[in-house]
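The values are calculated or read from the model by the stated rules, or taken from the named source; none is laboratory data. Nothing here was measured: the structure is a model prediction, and the numbers come from that model. Virtual Cβ from ideal backbone geometry, glycine too; neighbours counted across all protein chains shown. Only protein heavy atoms, including side chains, enter the accessible area calculation; ligands, DNA and RNA are left aside. Shrake-Rupley method; radii C 1.70, N 1.55, O 1.52, S 1.80 Å.
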Amino acid sequence: MSKVIFLADHRNGAPASVAPGDPPPHGQPALDLRARPLRDLRISVTDRCNFRCTYCMPREVFDSSYSFMPHSALLSFEEISRLAGIFTQLGVEKIRLTGGEPLLRKHIENLVGMLAELRTPQGHPLDLTLTTNGSVLERKAAALKSAGLTRVTVSLDALDAAMFQGMSDSGFTPDDVLRGIDAAADAGLAPVKVNMVVRKGLNDGQILPMAERFRNSGHILRFIEYMDVGNSNGWNLAEVVPSQQVLDRIGAVYPLEPVESAEMGRVAERWRYVDGGGEIGVISSVTHAFCGGCTRARLSPEGKLYLCLFAHEGHDLRAPLRDGATDLELARILTGIWSARGDNYSELRGRNMADPSRKIEMSYIGG
Ligand code: SF4
């Protein structure tokens, strides 16, 4: 099975053919066109969610007539963990389960258990994490931990109940999510990271209350610049609160200092409270692009590989997987795809790019 595989585009534009490549030497990561190693795999296990966050899955688009993927189209847990195993041989050390809302996928802890068995070529366990809206985390935390999950990231955009329900367009409350965070911490899923997407004129007034709520909690609160993900959220640059303003607002009350970290591929800039009150982070895709260190690949629920959050099309892995490709043939396909990668959307945002209206939805591929 060494023919050229015609796959979709992966360089911010025109379709391309990608020939399978020779996997890197054992223990070495696959490198892309910018010598970025393949280190992180984000696996979206469903395109469904029980929230309708206005910046991700606005109800006017994702309404009752929206056709979500049938279960039969989804990769099975066995297929996901087989692919994940091959990815670990190509350099992946961290796997993040996402969605939609991953905790809506039935028996997700079984998949966690399968992935927790995997080891890097050096024999190390993976850093296995999950991003959730927290609505059902209280019920699931202990089972996820005992299945082998390492830690968890929870989205929480406001403590004010009306604002939270306005932004999530759901009947859940901040308390539902806070109980989930407590259950995760009690279960030992640490550190718990809390992600807040900040929109000017909407929830930016919650920056300080959120900072105060999580100071001295041991949890790491991260502020995310509102991004032009997908095609449905009506993004407008004027609604972006630059991370520097977030740091200035908090620092004016609780002095901060930067936390130096050489970790490649991290998305958040880390800061700590000078008085020992803990750590926060800012994720600045709009004002401070971090494509240069981007080591992330994304697997969709039905088995397409995307090389950027803002990609247009993916590379179908389900077909070769179900056509009986061997692990080596799949490794050659993955190596070919990654080594031809040049994605850097955030560095080019707003400049003459291929039709931006074809971007994939974040609710499908995960954040
Ligand atoms: S825009 Fe794409 S390439 Fe840049 S950091 Fe985000 S996912 Fe990576």
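Observations on the structure shown:
- The one condition from (1) modelled with pLDDT of 95 or more; (2) open to solvent by 20 Å² or more (accessible area, probe 1.4 Å); (3) more than 15 Å from the ligand (Cβ to nearest atom) that TYR364 does not meet is (3).
- Residues (at pLDDT 95 or above, aliphatic (A, V, I, L, M) and within 16 Å of the ligand (Cβ to nearest atom)) located in region 312-352: ILE337, ALA340
- Subset tally (residues that are away from the ligand (no atom under 13 Å from the Cβ) and either open to solvent by less than 20 Å² (accessible area, probe 1.4 Å) or of a type in the set (Phe, Trp, Tyr) (or both)) for region 281-304: 6
- Qualifying residue in region 114-125 (condition: open to solvent by 10 Å² or more (accessible area, probe 1.4 Å), closer than 27 Å to GLN28 by Cβ and under 16 Å from the mean Cα position of the chain (by Cα)): no
- Residue under evaluation SER72, criteria (1) at pLDDT below 95; (2) more than 30 Å from ASN236 (Cβ to Cβ); (3) assigned to a loop (DSSP other than H, G, I, E, B), criterion not met: (3)
- Filtering region 210-220 to residues that are exposed (fewer than 15 other Cβ atoms within 10 Å of the Cβ) and under 25 Å from the mean Cα position of the chain (by Cα) leaves only GLY218.
- Per-region count, region 143-159, residues in a helix (DSSP H, G or I) and not charged (D, E, K, R): 4
- The residues on offer are ALA211, ALA190, ALA162, ALA184, and the sole one that is in a helix (DSSP H, G or I) and either modelled with pLDDT under 95 or more than 27 Å from PHE62 (Cβ to Cβ) (or both) is ALA211.
- One residue stands out in region 249-280 among those that are within 15 Å of the ligand (Cβ to nearest atom) and among the aliphatic types (A, V, I, L, M): the one that is modelled with the lowest pLDDT, namely MET264.
- In region 76-95, residue farthest from CYS49 (Cα to Cα) [restricted to those that are open to solvent by less than 20 Å² (accessible area, probe 1.4 Å), touching a strand residue (DSSP E or B) at 6+ places or on another chain (Cβ under 8 Å) and touching a residue at least 40 places away in the same chain (Cβ under 8 Å)]: GLY91
- Of everything listed in (1) within 30 Å of THR173 (Cβ to Cβ); (2) at pLDDT 95 or above; (3) loosely packed, with under 15 Cβ neighbours inside 10 Å, the single unmet condition for ASP63 is (2).
- With respect to being within 16 Å of the ligand (Cβ to nearest atom) and β-branched (Val, Ile, Thr), VAL246 falls outside the description.
- Hits in region 248-270 (condition: open to solvent by less than 30 Å² (accessible area, probe 1.4 Å) and under 12 Å from LEU208 (Cβ atoms)): ILE250, GLY251
- Evaluation of LEU309 against the conditions (1) open to solvent by less than 30 Å² (accessible area, probe 1.4 Å); (2) in contact with a Gly (Cβ under 9 Å, 6 or more places away or on another chain); (3) away from the ligand (no atom under 16 Å from the Cβ); (4) hydrophobic (A, V, I, L, M, F, W, C) shows that the sole unmet condition is (3).
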